[in-house]
Amino acid sequence: MAEKIRIKDIAGRAGVSVGTVDRVLHKRPNVSEVALKKVEKVLKEMNYQPNVYASALAYNKSYKFYCLIPKHSSEAYWEEIEIGAMKAVEARRDFYVDLEIMYYSRLDSHSFVETYQKCLRKNPDGVILVPTTLELTRQFTEELHDRNIPFILLDSFMPSLQPLSFYGQDSIQSGHFAAKMLMLIAQREKSIMLMKQTKDGKMASRQQANREVGFRNYMQENYPDIKILEVNLPLDEERKRYDHILEKFFSEHPEVHHCITFNSKAHIVGKFLLKTRRKNVQIMGYDVVHKNADCLRDGSISFLIAQHAYQQGYFSVDSLFRALVLKKKVEPVNYMPIDLLTRENIDFYHREWG
């Protein structure tokens, strides 16, 4: 093990005071240029590596982060993000890091504004944010920039907002990939069903909309003759109405054997297919929530694309920690891998890394 390098040793070798070395190490002012060069030369010669963890612990400052995400049901994509984020906080408890989750209705602009204003009143040290529309989100992020509060974006990448970092998939590429994988088993079909969920005609997320763009681009370029038949299961509709909508669709379109959705609710169609014993129809979807995984094992879901929601939550907290507590640079764009899961490999998929 390398011998510990003391500030006293650095000072003696550089011919300066201990106080001067301390000011250099902590980037404080009032150090002459001559003294600075002497200390930096010695640090390089001695291969000095500061113990940032020890320094952060000694500083004894507390940090409060806030995470703004959409309201959701249990076993949803967002819940995985929460679990990952809280796990990261637990791992950093010694550094007095805390996190509060705040919820807003994604398709309600007033809800988002009220939530972010409440967050600002709490004077956060850092923010993790699932954005809504670009215009509305910008109102919040401009205030964060004015207050010098770093923020992480999840789900949808909006580079013009200048976040500290982003975690999520390349949604256009993800939709392109989904189309390519689906067509490995559906290339002989005449029609494919696209299940969507909207409220007042609006998609729940920009990410889902971008996936659809990538999907349709691939289909237009490679399978222009295959019809894409949309089925909408409205977000504000009672769940029991979904079965009626789906029964009507499949009764009118017996030629459809493959479906796709760009949200985490493939299991709605998957369970319907199992209940009505339509064994010649499958749906492809996103996210390894338990209900989706069960349908994949039972055969009503053909493929699932994993978004690594747990890791997104974990790494978003970790990025704020590294930037604020350890004073380290973080990667500005972090695209998550696009993993394809089937019945054969679902049991080997683990949401945690390392």
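The values are calculated or read from the model by the stated rules, or taken from the named source; none is laboratory data. All of these numbers come straight from a predicted model, not from anything done at the bench. Positions of Cβ are backbone-derived with ideal geometry, glycine not excepted, and every protein chain shown enters the neighbour counts. Just so you know, the surface numbers come from the protein's heavy atoms only, side chains and all, with ligands and any DNA or RNA stripped out. Shrake-Rupley method; radii C 1.70, N 1.55, O 1.52, S 1.80 Å.
Sort segment 16-167 into rounded, prolate or oblate with this rule: let a ≥ b ≥ c be the square roots of the eigenvalues of the Cα gyration tensor; rounded if a/c is under 1.5, and if a/c is not under 1.5, prolate when a/b is larger than b/c, oblate otherwise. It is prolate, given that a/c is not under 1.5 and a/b is the larger ratio. Per residue, the solvent-accessible area of the chain (1.4 Å probe, heavy atoms of protein chains only, all protein chains present) comes to 53 Å². Just to be sure I understand: with springs between alpha-carbon atoms less than 10 Å apart, which residue in 91, 35, 179 has the highest mean-square fluctuation in the Gaussian network model of the chain? Answer for the Gaussian network model of the chain: 35. If you bin all the Cα-Cα distances of segment 163-277 at 10 Å, starting from zero, the percentages per bin are 13, 43, 34, 9, 2. Mean residue ellipticity, 222 nm, helices only, the chain: the sum of -39500 (n - 2.57) across DSSP H runs of n ≥ 4, divided by residue count and rounded to 500, is -14000 deg cm²/dmol.
If the chain linking residue 255 and residue 142 were pulled fully straight, counting 0.36 nm for each residue of separation and taking away their Cα-Cα distance, it would gain 35.6 nm.
The C-alpha atoms of the chain define a longest principal axis, and helix 77-91 lies at about 20 degrees to it.
Hey, which of these cross-link pairs are over 20 Å Cα-Cα: 71/118; 227/265; 240/275; 64/118; 64/87? Can you show the working numbers first?
Values: 71/118 16 Å; 227/265 22 Å; 240/275 13 Å; 64/118 14 Å; 64/87 15 Å.
From the list (71/118; 227/265; 240/275; 64/118; 64/87), the Cα-Cα distance tops 20 Å for 227/265.
The alpha carbon gyration tensor of segment 231-294 gives principal lengths a ≥ b ≥ c with a/c of 1.5 or higher and a/b no greater than b/c, which makes the shape oblate. Across the chain, how large is the tail of the calculated P(r) beyond 39 Å, expressed as a percent of all Cα pairs? Of all Cα-Cα pairs in the chain, 30 percent lie more than 39 Å apart. Note on residue 160/residue 277: beta-carbon distance plugged into 1/(1 + (r/R0)^6) with R0 of 45 Å gives a FRET efficiency of 0.35.
Length gained on full extension, residue 121 to residue 71: 15.9 nm, using 0.36 nm per residue less the C-alpha separation. Against the main long axis of the alpha-carbon atoms of the chain, helix 266-275 sits at an angle near 30°.
With all protein chains present, how much of the accessible area of the chain (probe radius 1.4 Å) comes from carbon and sulfur, to the nearest whole percent? Whole-percent figure for carbon plus sulfur exposure: 48.
Between residue 63 and 97, 98, the built amide H atoms are under 5 Å apart, and every one of these is 5 or more places off in sequence or on another chain. Principal-axis analysis of the Cα atoms of the chain puts helix 109-121 at an angle of about 20° to the longest axis. How big is the Kirkwood radius of segment 123-174, worked out from every pair of different alpha carbons and given in Å to one decimal? Taking every pair of different Cα atoms in segment 123-174, averaging 1/r and inverting gives 11.3 Å. Across q = 0.18, 0.23 Å⁻¹, segment 267-354 modelled as identical point scatterers on its alpha-carbon atoms has Debye log10 I(q)/I(0) values of -0.78, -1.04, in the order of the q list.
The label point for residue 339 and the one for residue 113, both projected 7 Å from the Cα toward the Cβ, are 4.1 nm apart.
Across the chain, the mean sequence separation of Cα contacts (distance under 8 Å, 6 or more residues apart), normalised by length, yields a relative contact order of 17 percent.
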